Amino acid sequence: GERGELAVELATEAGVDAIVPWRAARCVVRWEDGARGDKALARWRATVRSAAKQARRAWVPEVGAPVSTRELAALCPTFDRTLVLHESASEGLASGLSGAPAEVLLVVGPEGGVADEEIAMLTAAGARAVRLGPEVLRASTAATVALGAIGALTSRWTPHG
């Protein structure tokens with residue numbers, strides 16, 4: 001939907017390296033297989049290309065094929081840290097970044113929230129549930145806010161010279 005396209009646009013401008021669409025249980029808009037799903041994925045990829053150009057990025061982030069929760073959980077161990085944004089997490093994003101992980105997989109749930117079964121599967125795979133603060137943000141803005149925080153809290157935004 002429109003909010004998904006806004007989310008990938010803003011995340012691209014904020015510096016995301018790659019986007020993996022997630023078929024979460026509580027998604028309002030469903031990724032469909034076939035021509036309709038292919039068309040939606042093509043729109044996301046076009047949005048990312050446009051946003052990368054706007055942000056003067058050196059390269060365009062990849063937009064992968066949609067994954068199930070099980071497939072997302074399988075990605076967790078391939079990163080130094082996996083952080084799942086969750087409104088009831090007791091740990092803050094800053095403490096989730098302790099130890100300066102080089103590669104972070106940031107999981108942002110749908111508007112309906114991340115289901116308990118999904119949190120359980122992701123944490124069993126090594127993810128940590130974190131929150132941004134006391135407010136609950138829309139999925140379309142949560143990734144951008146988190147990416148900004150990650151940029152400021154890590155060496156990501158350190159000028160190279």
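The values are calculated or read from the model by the stated rules, or taken from the named source; none is laboratory data. The shown structure was predicted, so the numbers you read here are calculated from the model rather than taken from an experiment. No Cβ is skipped: glycine too gets one built from the backbone with ideal geometry, and neighbour counts run over all protein chains shown. With ligands, DNA and RNA removed, areas are computed over all heavy atoms of the protein, side chains included. Shrake-Rupley method; radii C 1.70, N 1.55, O 1.52, S 1.80 Å.
Listing for the model above:
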| read-out | value |
| --- | --- |
| Cα-based radius of gyration of segment 68-161 once divided by 2.2 N^0.38 Å, which approximates compact folds | 1.05 |
| Surrounding net charge for L75, when Lys and Arg each add one and Asp and Glu each subtract one, Cβ distance under 14 Å | -3 |
| Principal axis box of segment 2-93, alpha-carbon based, largest edge first, Å | 36, 32, 24 |
| Cut-off under 5 Å, modelled amide H: who pairs with V107 long-range | L83, V84, L85 |
| Neighbour net charge for L6 - beta-carbon separation under 13 angstrom, K R +1, D E -1 | -2 |
| Probe 1.4 Å, all protein chains present, accessible-area order of K39, K53, largest first | K53, K39 |
| Label of the coordinate-derived value, Rg and Dmax of the Cα atoms in Å, listed as [x] 19.9, 62; [y] 15.1, 46; [z] 26.3, 78 | [y] |
| Accessible area in square angstrom per residue, segment 58-119, 1.4 angstrom probe | 49 Å² |
| Sulfur and carbon atoms: percent of accessible area, the chain [1.4 Å] | 53 percent |
| Loop GluC sites (Glu not before Pro), segment 81-161, which have at most 11 other Cβ atoms in a 10 Å radius of their Cβ (DSSP) | E103, E135 |
| Interchain or long-range residues, amide H under 5 Å from R131's placed H | H86, E91, G92, L93 |
| Cα-centre dipole for segment 45-106 with unit charges at Cβ (Lys and Arg positive, Asp and Glu negative), debye to 20 | 480 debye |
| Farthest toward positive dipole pole in the chain [+1 Lys/Arg, -1 Asp/Glu at C-beta], among T154, W59, I19 | W59 |
| Area of S98 that stays accessible when all protein chains are in place (1.4 Å probe, Å², to 10) | 60 Å² |
| Span-like helix ranges in the chain, DSSP H, alpha carbon extent 20 angstrom or more, Kyte mean at least -0.5 | 139-153 |
| Mean ellipticity per residue at 222 nm, deg cm²/dmol - from DSSP H runs of n ≥ 4 across the chain, formula -39500 (n - 2.57) | -13000 deg cm²/dmol |
| Segments 56-62, 74-80 sorted - mean Cβ within 10 Å per residue, highest first | 74-80, 56-62 |
